[in-house]
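Q: Dumping the structure here so I can ask a few things about it.
The values are calculated or read from the model by the stated rules, or taken from the named source; none is laboratory data. Source: prediction; values computed, not measured. With ideal geometry, Cβ positions are generated from the backbone for all residues, glycine too; neighbour counts draw on all protein chains shown. Just so you know, the surface numbers come from the protein's heavy atoms only, side chains and all, with ligands and any DNA or RNA stripped out. Shrake-Rupley method; radii C 1.70, N 1.55, O 1.52, S 1.80 Å.
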Amino acid sequence: MMIINSIRKILLTCLLSTFYGQVSAQDVNNWLQEQLNASAELRHVNYDEMYAKAMQTDKGVDPLIRSLVVIEYCRAYGLDSLAIEMADYLLEKAPNQRIQGVVNYLLDMKYRLALLRNQYDELERMACYIDRRWKDKPKLMELARHWHRLASAGKDILPVSIQRTKNVVGLAFDRDSVGHICIDAKVNQAKGNRFIVDTGMMSSTILFQKYARQLNVRLLPDSIRASSATHPDIVYSMQLGIVDSLCIDGIKFYNLPVWVSDEVEEYNCTGFIGTPDLARLEYMELSRDSIVFRYPFPKNKKEANFTMNTGSKGERCICLPCNLDGHESSLILDTGSNAFLLPKQYANRKEGFFAEVGGMKMWLEAGMYAHGFVSYPDSRGFWGLPLLWSFERLCFNFRNAHVDYVKKKDVEYTEYLNE
């Protein structure tokens, strides 16, 4: 299993050292490597032994920092249940004076995962926990009251479930006027709904407000302010809602949580399907003109990893490792964009440079793909649709965070996938 890239380690270390003193990125890296050697999925971490060493600060990395690094690692590779287990342990065992600096991060992570799964009883337990332990924290108490309201509104909502009538579902892409890839879906039994498949959408499926009203989407008392990663000056609100059913050919989601946006609809579509809901299907193949879901999915033919977590709030995305201008990095796969989106530092380059991903080298012309965007700890930018045009297909195993890059001349492997 691939370890977290060096940029992620350094950023995380800087963040944590703000609260807990100085610790080097190499210390974190060494300890993390020890854990990886002991267990590929970190399922044998001895939390009690870890905390027994809490008084031995001169013999290694602070146990709290170690725990937070493990949580970040687990989230990056989709091991959400293990991340929650570690978070619960920290919240229960760590002294108040040690944990208070990161309690918001831990609770927010659990909150977002609970919403993704319709676990409103878990929200109620979290709110009650805050009531007991953090009575002297007004902001946390306000959060607890909000969660009580949200849990009450969602108490009759069943967990998310998926029904499949086909083992293989293949969909040819339609394209809109600006090149977005689109598929048709039924929402609450209503036909004629068009969704953009946008892997750059990290916060689950989004419906535009006017369509959500027409489709009788159940709205819950939760809203956030949001902005576009590529247009941070555009701010809009999103409210949590529940779709009774969403059907994509032979795949049917039940009780699907979505975000309802009041953004002005300019894409001629009902909404966007993002990575969190694509990942629920566990396996996906993308090419320049189609998307295929298989279940059960084939074994990985080649060995390559990607990460699925961006930032401390646990958004889900596809971060592909790459070599960018001679430096190891990663870029988010964004099928909602028709270009490569890179930091402003590349905008004024007089010469182009090579980017390498999946064994494929691509020459990026100077200035052609440079744009400003909101940065993320996991990523230096975004791979747009041109990446799909460079390969026969990309095959994502979300369960194991593996990706297979199928090149256009890789006939044997292509035939294997089509069996």
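Q: Do the conditions hold for residue 112, that is, is it under 23 Å from residue 242 (Cβ atoms), modelled with pLDDT under 90 and either more than 23 Å from the chain's Cα centre (by Cα) or open to solvent by 40 Å² or more (accessible area, probe 1.4 Å) (or both)?
A: Criteria met by residue 112.
Q: Here's another thing I want to ask about it. Answer yes if at least one residue in the stretch 327-340 is loosely packed, with under 14 Cβ neighbours inside 10 Å and modelled with pLDDT of 70 or more, and no otherwise.
A: Yes - at least one qualifying residue is present in the stretch 327-340.
Q: Residue pairs, Cβ under 9 Å, 6 or more apart or interchain, first in the stretch 290-303 and within 21 Å of residue 198 (Cα to Cα), second basic (Lys, Arg). List them.
A: 290/393; 292/393; 293/164; 293/166
Q: Would you mention how many residues in the stretch 220-237 are modelled with pLDDT of 80 or more and either among the polar types (S, T, N, Q) or open to solvent by 10 Å² or more (accessible area, probe 1.4 Å) (or both)? Steps first, answer last, please.
A: Just the residues of the stretch 220-237 that are modelled with pLDDT of 80 or more, to begin with: 220-221, 237.
Cutting the leftovers down to either among the polar types (S, T, N, Q) or open to solvent by 10 Å² or more (accessible area, probe 1.4 Å) (or both) gives us 221, 237.
The number of residues fulfilling the criteria is 2.
Q: Also: So is residue 247 assigned to a loop (DSSP other than H, G, I, E, B) and in contact with a Lys or Arg (Cβ under 6 Å, 6 or more places away or on another chain) or not?
A: Here the answer is no, as residue 247 does not meet what is asked.
Q: Considering only residues that are at pLDDT 75 or above, in contact with a helix residue (DSSP H, G or I) (Cβ under 6 Å, 6 or more places away or on another chain) and not acidic (Asp, Glu), which ones fall in the stretch 69-83?
A: Those that are at pLDDT 75 or above, in contact with a helix residue (DSSP H, G or I) (Cβ under 6 Å, 6 or more places away or on another chain) and not acidic (Asp, Glu): 71, 74, 75, 82, 83.
Q: Looking only at the stretch 395-411, which residues are open to solvent by 30 Å² or more (accessible area, probe 1.4 Å) and either over 14 Å from residue 358 (Cβ atoms) or in contact with a Cys (Cβ under 6 Å, 6 or more places away or on another chain) (or both)?
A: 399, 400, 411
Q: Exactly one condition in (1) under 21 Å from residue 315 (Cβ atoms); (2) out of contact with any helix residue (DSSP H, G or I) (no Cβ under 6 Å at 6 or more places or on another chain); (3) open to solvent by 30 Å² or more (accessible area, probe 1.4 Å) is false for residue 262; which is it?
A: Here residue 262 clears every test but (2).
Q: List the number of the failed condition for residue 392; all other conditions in (1) crowded, with 22+ Cβ neighbours inside 10 Å; (2) modelled with pLDDT of 90 or more hold.
A: Every listed condition holds for residue 392 apart from (1).
Q: Give just the number: which of (1) touching a Gly at 6+ places or on another chain (Cβ under 9 Å); (2) closer than 22 Å to residue 218 by Cα does residue 149 not satisfy?
A: (1)
Q: On the basis of being more than 22 Å from residue 203 (Cβ to Cβ), at pLDDT 75 or above and buried (at least 21 other Cβ atoms within 10 Å of the Cβ), does residue 322 make the cut?
A: Criteria met by residue 322.
Q: Tell me, which strands (runs of 3 or more DSSP E) lie completely within the stretch 98-206 with 3 or more residues that are in contact with a helix residue (DSSP H, G or I) (Cβ under 9 Å, 6 or more places away or on another chain)?
A: Filter on the stretch 98-206 gives 190-197.
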